[in-house]
């Protein structure tokens, strides 16, 4: 794999995105904004402070984390599958000097880039709402990239083994939705049964939420273990999308 050729794949996706971002950006931005308003202001008016933090301020960093990873997931499930199967974009790219490893690396980096784009956007929104206590939240951006890279890896793994595009509904319903609900975004996990809390601890979204929440409050040291967890996880998962996509594409 050559970084330069992987960058060319990333550059291709970036050029397409800059031409079409108005339609996709509006849709991806609307959902987290609605969650923030409906849950933070609506439900928040009935919920007491959580650990001394107003409810809307408690969920805001979690919305940053979840919106960023969902951007990577959408891109590297439906986006990758459509480029691979229907648009034949992969065939065109592989007809150039770019090899399959370069292509997969470009897809992963692009998915992580989408995470950063949407993570920064939601950061700006919650900052305008006055929901950020510390500028240290900006230090979470590299970990948003790492979290996006993890979910891009998981998405490409599923993309490599899924029989058809309709099967992505299983990935979203049975994997992403439980992560979204039980990663500490909307309530602290110490209110849940011990088994649920223990399972959530082994999910990447939980740790990204923990990082964003700690950095937003200015407590950087409180997220040290979560930062290490994400770094180790992204390294452990890294070989799998390359191996499985090669099995999928190379007949």
With an 8 Å cut-off on Cα pairs and a minimum separation of 6 or more residues, tell me the relative contact order of region 34-180 in percent. 30
P(r), alpha carbons of region 123-195 - 10 Å bins starting at zero, rounded %: 15, 31, 35, 17, 2
By how many degrees, between 0 and 90 and to the nearest 10, does the Cα long axis of helix 239-249 differ from the longest principal axis of the chain? 40
Could you give me D for region 163-251, from Stokes-Einstein at 10 °C and 1.306 mPa s, where the hydrodynamic radius is the Kirkwood radius over C-alpha pairs? Units µm² s⁻¹, please. 105
Note to self, the chain gives a 222 nm [θ] from helices alone (DSSP H runs n ≥ 4, -39500 (n - 2.57) apiece, / all residues, nearest 500) of -21500 deg cm²/dmol
Whole Å is fine, so just give me how far the alpha carbon centre of region 204-238 lies from that of region 46-77. 14
For region 160-210, with equal point scatterers placed on the C-alpha atoms only and solvent neglected, what are the log10 I(q)/I(0) values from the Debye formula at q = 0.13, 0.19, 0.26 1/Å, to two decimals? -0.36, -0.64, -0.93
Can you tell me the orientation of helix 224-237 relative to the chain, as the angle in degrees between its alpha-carbon axis and the longest Cα principal axis, to the nearest 10? 20
Between region 124-198 and region 89-111, what's the alpha-carbon centroid distance in Å? 26
Output the Cα-based Rg and Dmax of region 1-136 in Å, rounding Rg to one decimal and Dmax to a whole number. 18.3, 59
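Taking Rh as the Kirkwood radius, which is the inverse of the mean 1/r over Cα pairs, what is the Rg/Rh value for region 41-104?
Using Cα coordinates only, the ratio equals 1.36.
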Where does helix 55-74 land angle-wise versus the long Cα axis of the chain, in degrees 0 to 90, nearest 10? 10
Just for the Cα atoms in region 79-238, what are the lengths along the principal axes, largest first, rounded to whole Å? 50, 34, 29
Ranked by Cβ crowding within 10 angstrom, fewest neighbours first, how are 107, 31 ordered? 31, 107
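Bear in mind that the values in this text are calculations on the coordinates, not laboratory data. Quick caveat: nothing in here was measured; it's all calculated off a predicted structure. Cβ sites come from the backbone with ideal geometry, for glycine too, and all protein chains shown count toward neighbours.
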